[in-house]
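The values are calculated or read from the model by the stated rules, or taken from the named source; none is laboratory data. Because the structure is predicted, anything quoted here is derived from the model rather than measured. Cβ coordinates were reconstructed from backbone atoms using ideal geometry, including for glycine residues, and neighbour counts include every protein chain displayed. Only protein heavy atoms, including side chains, enter the accessible area calculation; ligands, DNA and RNA are left aside. Shrake-Rupley method; radii C 1.70, N 1.55, O 1.52, S 1.80 Å.
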Amino acid sequence: MKSRRVKKVNPKKKIITITILTIMLWILAFYVYITYNNIEINNENYEIKKLESTISEQTVEKVEEKSKNIADIIEETTKSVVGISKLKNTGNLILSTNNEQELGLGTGILVTSNGYILSNEHVTGSRYSNCYITLENGKTYEGKVVWSDESLDLSLTKIDIQTANYAKLGDSSKIRVGETVYAIGNPIGFEFRRTVTSGIVSAKNRTIKLEEEKNKTYMSDLIQTDATINPGNSGGPLILPNGEVIGINTVKISSAEGIGFAVPINVIKQIIKSYEETNNYEQPTIGIYAYDSAVIPYLDKNINFEQGIYVAKITKNGPADNTELKEKDIITKIDKEELKTMNELREYIYTKKPGDEVNVRIKRGKIIKDIMIKLGKK
């Protein structure tokens, strides 16, 4: 039987191996130690935390600065807001012992440097009537209504002043549902003058039916807002956060909260411009009573059309009389402008002068026709 030979290990080789392993362990331990220390004192992590804190502070500062700017803008805009009464103000009690209808109490806003004030017709009265205007500085002036339109419930009143405190007019065609707006006015009376309420644009192109003393009227293309509007706010501005006026507050739904309406500012811009530059305006007219598709369902549910203006009546001896235009025609275009709302028709007509000719495209059943009409003076 053969015996197994045991291989002898070289002692020197063993010592070298152990030494190498020991050195490797030391190196590994040193590496772990250095890495651990770097993780604990890493400057980048510290700076990131600090940066986050700095950004938060800057964000807070920006929010505060933005709020301050809005407050500054509103404060500046309120300087152009005026109080309106049909009776001369003999003290604050006049506004707490009588209601809005008796005194014609309401609000207006200076829209030019030479003293033209925009408001509601139901506040100032119709053209050629007089009212009393109280400015932000407390001074009262007698004003004369130089222009008004019952269907729009808008008026322009002139007082004899020169001022830098007049409002900037925005573009009501560009507003969007959900945008923040502010209403400024004199709710209840002058005791609460220049009250500011906030809300949003709740809807655009709204149509409402008004019934007064058995008379029915319709207002269309209105801006709906949930900014609080109270008696006395009538005629006051609806503004954007940048201070631009986009509408004139006119009416609210009394049976519900947070449903008010304003007339979009674009419809009156051309008229304001004319009075500002020439102290005069000759209003052109096409000589028709017409309604857009939003109003027609109130009048006749059997009439159906999606776009255009329905000609309900042609004024006798007016510009459209004795032309090829007929009642029940639907006007789809004026010159090259497509029409969807009555205010679009008004805005275009107001840029013209009496005597100008316009091309009206109408739809009559399946017939489409172009008709030339010479505008008259209203």
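Odds and ends about this structure:
- Of everything in region 369-378 that is at pLDDT 95 or above and open to solvent by 90 Å² or more (accessible area, probe 1.4 Å), the residue that is nearest to residue 282 (Cα to Cα) is 374.
- Criterion (of a type in the set (Gly, Ala, Ser), over 28 Å from the mean Cα position of the chain (by Cα) and in a strand (DSSP E or B)) met by exactly one of 312, 320: 312
- Enumeration of residues in region 240-278 that are at pLDDT below 95, β-branched (Val, Ile, Thr) and surrounded by fewer than 18 Cβ atoms within 10 Å (Cβ to Cβ): 253
- Residue list for region 352-368, restricted to those being surrounded by 15 or more Cβ atoms within 10 Å (Cβ to Cβ) and either in contact with a Cys (Cβ under 8 Å, 6 or more places away or on another chain) or not in a strand (DSSP E or B) (or both): 352
- Those residues of region 205-215 which are farther than 25 Å from residue 145 by Cα, touching a Phe, Trp or Tyr at 6+ places or on another chain (Cβ under 9 Å) and either surrounded by fewer than 18 Cβ atoms within 10 Å (Cβ to Cβ) or touching a residue at least 60 places away in the same chain (Cβ under 8 Å) (or both), in sequence order: 206, 207, 209
- Residues (under 22 Å from residue 299 (Cα atoms) and either in contact with a His (Cβ under 7 Å, 6 or more places away or on another chain) or small (Gly, Ala, Ser) (or both)) located in region 204-257: 220
- Top-ranked residue of region 147-168 - restricted to ones that are open to solvent by less than 50 Å² (accessible area, probe 1.4 Å) and of a type in the set (A, V, I, L, M), ranked as farthest from residue 127 (Cα to Cα): 167
- Qualifying position, being assigned to a loop (DSSP other than H, G, I, E, B), touching a strand residue (DSSP E or B) at 6+ places or on another chain (Cβ under 9 Å) and of a type in the set (Val, Ile, Thr), among 272, 303, 268: 303
- Residue identified as in contact with a Lys or Arg (Cβ under 9 Å, 6 or more places away or on another chain), more than 19 Å from residue 266 (Cα to Cα) and without any contact (Cβ under 8 Å) to a residue 60 or more places away in the chain among 228, 197: 228
- Selection over region 322-351 of residues that are open to solvent by 40 Å² or more (accessible area, probe 1.4 Å) and over 18 Å from residue 151 (Cβ atoms) gives a count of 12.
- Exactly one residue among 130, 114, 137 is open to solvent by 60 Å² or more (accessible area, probe 1.4 Å), out of contact with any Gly (no Cβ under 8 Å at 6 or more places or on another chain) and not small (Gly, Ala, Ser), and that residue is 137.
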